[in-house]
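Enquirer: This is the structure I have questions about; it appears just below.
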DNA sequence: TTATAAATGGGATAACATAGGATAGAGTGG
DNA sequence: CCACTCTATCCTATGTTATCCCATTTATAA
């Protein structure tokens, strides 16, 4: 499970270290022979990136496999999920090199922040991250009931927030 | 799993490099002795091409075996994918040469874009690709609920809205 | 402090995409 | 039946980019 917030440097070659904790998650749910790296895609919700391990992609694939092959929405999801995703392999030091267009999309410059979201994570500009965090906090304080921490029920979760 | 979007040049001889990532997928799920190349057919849905490895053809065959022999979808499926499909072998540099009629069908000229869709991929004109992607993105944003991205529960996710 | 792991920097190297000539095979016309 | 053309495949070459490898720094823990 991806947890916590880490800021690392993006070097001149476009490389950035993936936090060691995150790497541990990837390699633990990685059956031998699986891709050793992360999958990253531009968020549908705004100018930042989202990512996860290959296992997450398989979950998405399972969901899609259950859709009607001739459903119009199916191809739309296939394009957005698989077509936008990039496979970024770890180098020997646990770094990935971030494609330039993704960096531009997310406004990433010298520093990037990884934010764990459980099944997946976000990659964004540290400044934007701070802003988003404050907004999210404010929202929860206004509306504390939606997330019922500590109780089983939580029928309408929404926890995944994102 | 085929991921991401790559644009490569179609040269004067009708050759185009298949993205290295895609080739890796093919050779990884390729039992030794299998066909080293891609299978390409005109899409059922419009003027572009679809393709995959030989392994995908096997999957389709299994699917078809379980369909009603008189199902209309089945017949269309068989005719396009098996009937119209072409076997394009890699050359030493990982290129295939795209038959002229397929290029015409898909309106391919100097540049072609490969779009990963998980089990298969699309091959189309970069301009058309851009259009389709914008449409897909817009559609998913309007209707993110059909596919429960990011988690099991999330019946009315999107909570984090923003 | 010392030891261990993680993150960072940069030069060397290999992989990739692309171009073009050379060769072999299919099809056509004489 | 042979010569010719056209086309497809093979092979080598080259610029560009990514990745490999090693060295150094920073952080964490004993």
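Just so you know, all these numbers are worked out from the coordinates, no wet-lab data involved. Treat the numbers as computed from the prediction; the structure is a model and nothing was measured. Glycine gets a Cβ as well: all are built from the backbone with ideal geometry, and neighbour counts include every protein chain shown.
Enquirer: Rounded to whole Å, give me the distance from the Cα center of segment B:39-54 to that of segment A:12-51.
Expert: 30
Enquirer: Only counting other Cβ atoms within 10 Å, I'd like A:6, A:140 sorted with the fewest neighbours first. Don't jump to the answer; show the numbers that get you there.
Expert: Details: A:6 17, A:140 13.
With the sparsest Cβ surroundings first, the list reads A:140, A:6.
Enquirer: On to the next question. As a footprinting exposure proxy, order A:3, A:98 by other Cβ within 10 Å, with the fewest listed first.
Expert: So the ranking, lowest neighbour count to highest, is A:3, A:98.
Enquirer: Using alpha carbon centroids, what distance separates segment A:64-101 and segment B:62-123, in Å?
Expert: Between the Cα centre of segment A:64-101 and that of segment B:62-123, the gap is 20 Å.
Enquirer: What gaps in nm, shortest first, separate residue A:68 from its twins in the other copies when you place the label 7 Å past Cα toward the beta carbon?
Expert: Going from nearest to farthest copy, the values are 1.4 nm.
Enquirer: For label points placed 7 Å from Cα toward Cβ, what is the shortest-first list of nm distances from residue B:134 to its copies?
Expert: From this label point to the equivalent ones elsewhere in the assembly: 3.4 nm.
Enquirer: Measuring label to label, 7 Å along Cα→Cβ, what does residue A:47 give against each other copy in nm, shortest first?
Expert: Distances between equivalent label points, in nm: 3.5.
Enquirer: Under a GNM of chain B (C-alpha, springs under 10 Å), which listed residue has the highest mean-square fluctuation: B:127, B:13, B:139?
Expert: Of the options given, B:139 has the highest mean-square fluctuation.
Enquirer: If you scale each eigenvalue of the Cα gyration tensor by 5 and take the root, what three semi-axes come out for the protein assembly as shown, rounded to whole angstrom and sorted largest first? The partial results should precede the final answer.
Expert: On the way: eigenvalues 261, 113, 68 Å².
Each semi-axis is the square root of five times an eigenvalue, giving 36, 24, 18 Å.
Enquirer: Then there's this: Between the helical axis of B:54-65 and the dominant principal axis of chain B, each derived from Cα atoms, what acute angle in degrees is found, rounded to the nearest 10?
Expert: Its long axis makes an angle of about 70 degrees.
Enquirer: While we're on this one: Placing one identical point scatterer on every Cα of chain A and ignoring solvent, what is log10 I(q)/I(0) from the Debye formula at q = 0.13 Å⁻¹?
Expert: Computed log10 I(q)/I(0) values: -0.70.
Enquirer: Could I ask something else about it? With angles folded into 0 to 90 degrees, how steeply does helix B:126-142 sit against the dominant principal axis of chain B? Use alpha carbons for both and round to 10.
Expert: 20
Enquirer: Just want the ordering: A:82, A:133, from fewest to most Cβ atoms lying within 10 Å of their own Cβ.
Expert: Lowest count first: A:133, A:82.
Enquirer: Return a whole-number percent for the relative contact order of chain B, with Cα pairs under 8 Å and 6 or more residues apart as the contact set. Don't skip to the end; give the middle numbers.
Expert: On the way: 227 pairs, mean separation 50.6, N = 162.
Relative contact order for chain B comes out at 31 percent.
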